[in-house]
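What follows is one structure encoded as structure tokens, with my remarks underneath.
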Amino acid sequence: MSGVIPLSWSLALSATLFVIGVVGVLVRRNALVIFMSIELMLNAANLAFVAFGRSLQSLDGQIFVFFVMTVAAAEVAVGLAIIVNLFRLRETVFVDEVNLLKG
Amino acid sequence: MIFLFAGFAALLVASSLLVVLHRNPVTSALFLVLAFCSLGGIYLLLQAEFVALVQVIVYAGAIMVLFLFVIMYLNLRQDVERGVQTAIRRGLGWLVGAVLLAEAFALIAKRWQVGPVSGGPEMLEGNTQAIGRALYTRYLFPFEITSLLLLVAMIGVIVIAKGRGGTAAADDSAEEKP
Amino acid sequence: MTLPLISLIPALPLAAVALHLLLGDRLGKRGTALLACGAVGAAFLLALRAVFALAARPEADRTLVEIVTTWMRAGDFSVDISFLLDPLSAVMILVVTGVGFLIHVYSIGYMAHDASFRRFFLYLNLFMFAMLTLVLADNFLLMFVGWEGVGLCSYLLIGFWYERPSAAQAGKKAFVVNRIGDFGFLLGMLTLFAFGGTLNFTRLFAVAPHVFAAGGTVITIATLLLFLGATGKSAQIPLYVWLPDAMEGPTPVSALIHAATMVTAGVYMVARCHVLFRLAPVSLEVVAVVGAATALFAATIGLAQNDIKRVLAYSTVSQLGYMFMACGVGAFSAGIFHLMTHSFFKALLFLGAGSVIHALSNEQDLRRMGALSSRLPWTHGTMLVATLAITGLPPLAGFFSKDEILSSAFASGHFGVWLVGVAGAVITAFYMFRLYILCFRGSSRLTHEAEQHLHESRPSMIAPLVVLAVLSAVGGWVGMPFQAGGHAFERWLRPVFEGGPAFAPARELSHGTEWALVAVSVTAGVIGILTALRLYLQSPQTATSLASRYASLRTLLVNKYWIDELLDAAVVRPFGAFSGWLWRFWDVVIVDGTVNAVGYALEGASAVLRLFQTGFVGTYALFLALGVAAMLLHFLRHG
Amino acid sequence: MMAFPWLSWLVFFPLMGAVLLCMMPPAANRLIRTWATVVAFAELAFSLPLWWRVIPGQSGWQFGERHDWIPSLGASYHLGVDGISMLLALLTTVMTAITVVGAYASVEKRGREFYALLLALETGMLGTFFSLDLLLFYVFWEAMLIPMYLLIGIWGGPRRVYAAVKFFLYTMAGSVLMLVAILALYFMQRTATGVATFDLDAFYALVIPGGAQTWLFLAFAVAFAIKVPMFPLHTWLPDAHVEAPTAGSVILAAVLLKMGTYGFLRFAMPLFPVASAHFAPWIAGLAIVGVVYGALVAMVQPDLKKLVAYSSVSHLGFCMLGLYALNPQGLAGGMLQMLNHGVSTGALFLLVGVIYERRHTRQIADFGGLWKSMPVYGAVFLVVMLSSIGLPGTNGFVGEFLVLLGAFRADTPHVGIPLLHLAPTWGNLWSVFAALGVILSAVYMLRMFQRVMFGPITHPENEKLADLSMRERLVFAPIIVLIFWIGVMPQPVLDRVQPALGRTLRLVETRMQVSGAALPATRFAPLARSAAPPAGPAARGGAAGR
């Protein structure tokens, strides 16, 4: 295969993806969409791992992505359970209507 | 090769933007699936075949399905974004996003400009075998820990989802409501 | 085994105090009285023995020192419990134990039917111990122990009938004023030690002329401070206010403490430190002036008092003024001589007054007495002798000692002081005879029930009166003037007062001037007596008319120049107000306030921080993002 | 044969007693009381041999014990005793024994925990006095606070929580400063000698540069000044005393306040001599303010306990003045004043406790004419009061006189007053004001005594107040003996403490020369002079006298 994708491009892409995730978390009120944005951010991280793995010739990047995925899966499961429970109690999924943690 | 990468990248960015922006959670969930697949493609380009496939299967297949299930379960309507308070927050959100982006690009431009551009020699053996060997030798311990993590997560989910006995009655009533 | 000569004398009363405490009520009244008087009597005998042993020694080396133990030693400062017997302290212990013994015997009768009989004698013995320690001490610190000890006993004895608020108040006043005097004494001691290096009398007086420059500021300040202590104890002008109120205590107390012994402590201390005072002529001047002023001032107040004990109290203050005057003009032996004679007749006057009050069932007001001479023959007789003695009529003791003071004042060139002394003598004669007449002569103004059980006191009270009367008659002869080498008393004290630095010898008066001075002082006495007789005996109405004409002057004197009220307003109340302000404002508001303020400030700050915990997940995410942005910025700048 | 660890036994025996106490059934009041008394008196019996076993002259620490505690840090469990800590330890054991017996009647609820805390407090105090390792000292210093805090907090009066918290935070704030200073010392020591240790002797040998020394000294000084308490930092004391139960405030007054002065004497002075000499006028000045201020404010207190609390501010001001006169008399006086204050103020609080148990009020106005109904109580109160105002013949006077003497001769730079062409040193002015304190103390004590004891019986309840019971007389008997024993024969006590004080002073003096600080010529003249024949003063006195 001719030319290889330069590292900085992948990183740029990963950064953009990460930022979009952050914006999604900050902007949206719906808990689920926030959750999706977090997934985006995680994937951005994965991308960066793979990109570095590739450029540094080591498999560790990919293995790490593997671990990130398991964590993400666990996280989504628990997160969604919480959201479902939240919905049962408060009839709402919108984050800014829930301030039980008020200090 | 580069074009392929650019295509996938554009697709990825567009779909993730839409995930964030779209009002209806179901459509944004679907766009997220698209984003994950395009990401899988990029992994392929980076010769991380096993990861790409796992990405598609785990993320697109499993996690997004769960998402969609929950969205349907809660049959959410359109997200409505009203009120001045949310406007400020949205404004702030975008602002912070822009700042972060600028910083990231500046950093990338400064730091990894001279990164080794060369692709380097081909992998000796198949990507999957290599990962398998590494996973069960050097990373055996973390591997076991992740399995434990998953087990804990499952138990947690069951406990949370079941809710404390008393609320069982409450959640039935919750369902009748439209 | 020869008993320790000196240290046993103070030890006996202390032992008696211990026995009183231990045996408690098992002794019963008779036992307590016996123990108390026995202890003081034995002390008197021991004192006699010690004085004879002293007299046996050659005149040059007439000092006996007895070191018991070392009391305190820290660094180069060391003080030990040691007693010094020299002619001066010999005179003092004889007076203290002698008069003390008589007063103890007297108070058996006087306090016979008082509830806390035992407590009274316990305090009296404690007082004797303290006074003897004071007089026999060999260093300033031990003297200070006795000094404050007698202060304590006077506090306890004045406030003996503690149920009477006025008695308790008078006791407190006495102690506090004494304490102010002790403040001066303490600082004087510190100065002396700081420069002299020791507090022992003999060593300090030996070193003093080299260490202190004659007339220098340090020695003047030290001696003035000591004199401040003396004024506190001997009730001289600024600090005399406590003595008249001290009459709240039982009369034997007034006789013992406020006439014969304690108040003389100041004079004894000044006499003891004559070396230091001679080094500071300025202080001597001050002593003389204060003495003279007090003599005159107190005498004037004495004129207008109606309470028999208050008259005697002011008379004591005035006579003490004479003693200080004597010391001030350098005639220390004359001062001590007057001290001795004064303690005889003043103790007698007080005890006599006591038996009068006793007879009239606690009536102290002169205006409700009169014509008691026939019904209280013994009291009247002895009081008459004492009154004559104090006015200074020739054969009696008072004449010799007062005359010597006045002549030495004249001889040493202090004419103003001499003049004040003579004026004082006139007034003294006047108010003493006013008291005598109002009390014994004239028409009987007794209240009816006082008339009922009017009775002469018991023999146990009369005996001491008689002994004292004899002493105040004969006591003066030991100081017969015009003898070649000075009279016997002066010769006895010479070794003590010789030691000091050469003091400008008083001009040797020719016999002519001396006889003239004698004549002047006698006439002064006679004038006083005659005016009193004429005013109060022959024509009582002239007394009242005079009183009405000079009404304002009279009220001024009756209210003691409003000194007490003045002091109270000028010192006591502002002090109270200041400390009240200090506490309520300064302590509570400022100091405590700042502490609490720190507490509330912290609380306030935490309240502000709490606002950030809005509970919305959104805000937390925002802070998170801002954190990341900041970090990236940091990496950007530092690369 | 490893010598019997006497000091450790002394320190931890009360704690063992306390632990055993906690195992007893809470209701068995009589058993608890007897057990607590047995432990307290056994502790007293163990500690008495200290009096003659500690050889005053011998330099260095006696009955030393040293075991590794945290080797990596270099902190060792190092106990030792010398003249100073021996006396204070004896004061602690005596006063605790007296308090335990004295507190029988005052403790109604939860007697078990009360006595356990009291014994634990004793452990903390003894530990502080014996420890020679700075970290160990700090641990005991903090450990002491907890039982005291609980004693005030649980068994106290109406505002007890506020008082307890204030007491705790105030002292804690100070000691945290001290901890920082200790650590600074630790690191300085390590860099200087390469050996990491918290041992006191090592720090004694350490030469600390001037600048650092000032700051370290200030940190230590603030911590101890709060504990003393000195003037501006004293407001916790009246609150703590008013709210504390009788036993608590007796121990607080008798021993805890001595921690501050002990700290100055053992740590602040020898470790930072130059700074001590430099700040001596300031500290003595503050002490004087404390003396006069305490006395003045005590005069107007309506509450008996507050009055006694302010009186201890005044007494301890005397103590500090003595210590910072930096000469043998001053130190001896300060040390003696520590003991006297412990005895007489402890007794005063017990006395207040006695009438508080009977009338449940501390307002002076509620009393009057008590002498009639309680003569024995009156006599004891009189003796203790006289000791507190320092009447000669009682212990108070000996301490006060030595302090005044020390202060008078403190030769800090001369302050000449031109018009009087007199050259009073700072010392002279100090002692004038301190002597003023002597008058004021007489005034407020007598005022209180007169309004409580004398006068007619105004309130009917005062008529039939029971006089001191046999137990209470047993409590006050040793105190009165101590008052007169130290008053008449202070020399045995002084002999035992002077060598240790002399060592501290010599240490301060040599360390000053070593660290090149200009030794104020006259500062240690008394030391030099004591060697010179008495003729010496002539020269100096003469000059000043002119």
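Throughout, read-outs are computed from the coordinates displayed, never taken from laboratory work. On a predicted model such as this, the values are computed, not experimentally measured, just so you know. We place every Cβ from the backbone using ideal geometry, glycine too, and count neighbours over all the protein chains shown.
Take the alpha carbon gyration tensor of segment B:2-115, find the square roots of its eigenvalues, order them as a ≥ b ≥ c, and report rounded if a/c is under 1.5; if not, report prolate when a/b exceeds b/c, else oblate.
Oblate.
The HN-Hα couplings worked out from phi for segment D:320-331 by the Karplus form 6.51 cos²θ - 1.76 cosθ + 1.60 (θ = phi - 60°) are 5, 4, x, 4, 8, 7, 6, 9, x, 5, x, 4 Hz, whole numbers, x standing for Gly and Pro. Computed extension length for C:Asn362-C:Glu565: 70.4 nm, one decimal, from 0.36 nm per residue of separation with the Cα-Cα distance subtracted. Remark: C:His638, D:His341 ranked as C:His638, D:His341, counting other beta-carbon atoms within 10 Å and listing the fewest first. In this structure, the amide hydrogen of D:Thr394, modeled 1.01 Å from its nitrogen in the peptide plane, lies closer than 5 angstrom to no residue at least 5 positions away or on a different chain. With the simple model of a label 7 Å out from the Cα in the direction of the Cβ, C:Val598 to C:Leu5 spans 6.5 nm.
Starting with the highest mean, order D:322-329, C:366-373, C:178-185 by the number of other Cβ atoms within 10 Å, averaged over the residues of each peptide. Intermediate values should be presented prior to the final figure.
Values: D:322-329: 29.0, C:366-373: 17.5, C:178-185: 24.0.
The peptides rank, most packed first, as D:322-329, C:178-185, C:366-373.
For chain C, the longest principal axis of the Cα atoms and the long axis of helix C:415-440 meet at an angle of about 70 degrees. Residues of segment A:14-49 with an amide N closer than 11 Å to a point placed 7 Å from the Cα of B:Val13 along the Cα-to-Cβ direction: A:14-17. In the protein assembly as shown, helical runs assigned H by DSSP with n ≥ 4 each contribute -39500 (n - 2.57); averaged across all residues and rounded to the nearest 500, the mean residue ellipticity at 222 nm is -23500 deg cm²/dmol. Averaging the sequence gap over all C-alpha pairs within less than 8 Å and six or more residues apart, then dividing by the number of residues, gives chain D a relative contact order of 15 percent. Each label was represented as a point 7 Å from its Cα along the Cα-to-Cβ direction; for C:Ala551 and D:Arg471 these points are 6.8 nm apart. What do you get for the angle between helix A:7-27 and the principal long axis of chain A? Use alpha-carbon atoms, 0 to 90 degrees, nearest ten. It is inclined by approximately 10 degrees. Across segment D:89-103, computed HN-Hα scalar couplings (Karplus, 6.51 cos²θ - 1.76 cosθ + 1.60, θ = phi - 60°) run 5, 4, 4, 4, 5, 4, 5, 5, 4, 5, 5, 4, 5, x, 8 Hz from first to last residue, x flagging Gly and Pro.
Once you've got the Cα coordinates, tell me which of C:Lys173/D:Lys166; D:Lys306/D:Lys464; C:Lys309/C:Lys402 are over 31 Å apart.
Working: C:Lys173/D:Lys166 39 Å; D:Lys306/D:Lys464 26 Å; C:Lys309/C:Lys402 22 Å.
The pairs that break the limit, which is 31 Å between Cα atoms, are C:Lys173/D:Lys166.
Averaging the sequence gap over all C-alpha pairs within less than 8 Å and six or more residues apart, then dividing by the number of residues, gives chain C a relative contact order of 12 percent. Pull out a ≥ b ≥ c, the square roots of the eigenvalues of the alpha-carbon gyration tensor of chain D, then state rounded if a/c is under 1.5, prolate if not and a/b is larger than b/c, and oblate in the remaining case. Verdict is oblate for chain D.
Rounded to the nearest whole Hz, the Karplus-based 3J(HN,Hα) values (6.51 cos²θ - 1.76 cosθ + 1.60, θ = phi - 60°) of segment D:491-507 follow the sequence 4, x, 5, 4, 4, 6, 9, 5, x, 5, 5, x, 4, 4, 4, 5, 4, with x at glycine and proline. Annotation: amide H-H contacts under 5 Å for C:Val68 (H modelled 1.01 Å from N, sequence separation of 5 or more, or interchain): C:Ile81, C:Ser82, C:Phe83. Amide H to amide H, with H built 1.01 Å from N, D:Ala244 comes under 5 Å of D:Gly157, counting only residues 5 or more places away or on other chains. Would the protein assembly as shown count as rounded, prolate or oblate if I go by the C-alpha gyration tensor, calling it rounded below 1.5 in a/c and otherwise prolate when a/b exceeds b/c, oblate otherwise? Prolate shape, in that a/c is at least 1.5 and a/b is the bigger ratio. Treat each spin label as a single point 7 Å out from the Cα along the C-beta direction, and report the B:Val65 to C:His511 distance in nm. Modelled inter-label distance: 15.1 nm.
Selection among D:Leu404, D:Gly211, B:Thr146 by position relative to the dipole of the protein assembly as shown gives D:Leu404 as farthest towards the positive end (Cβ unit charges, Cα centre).
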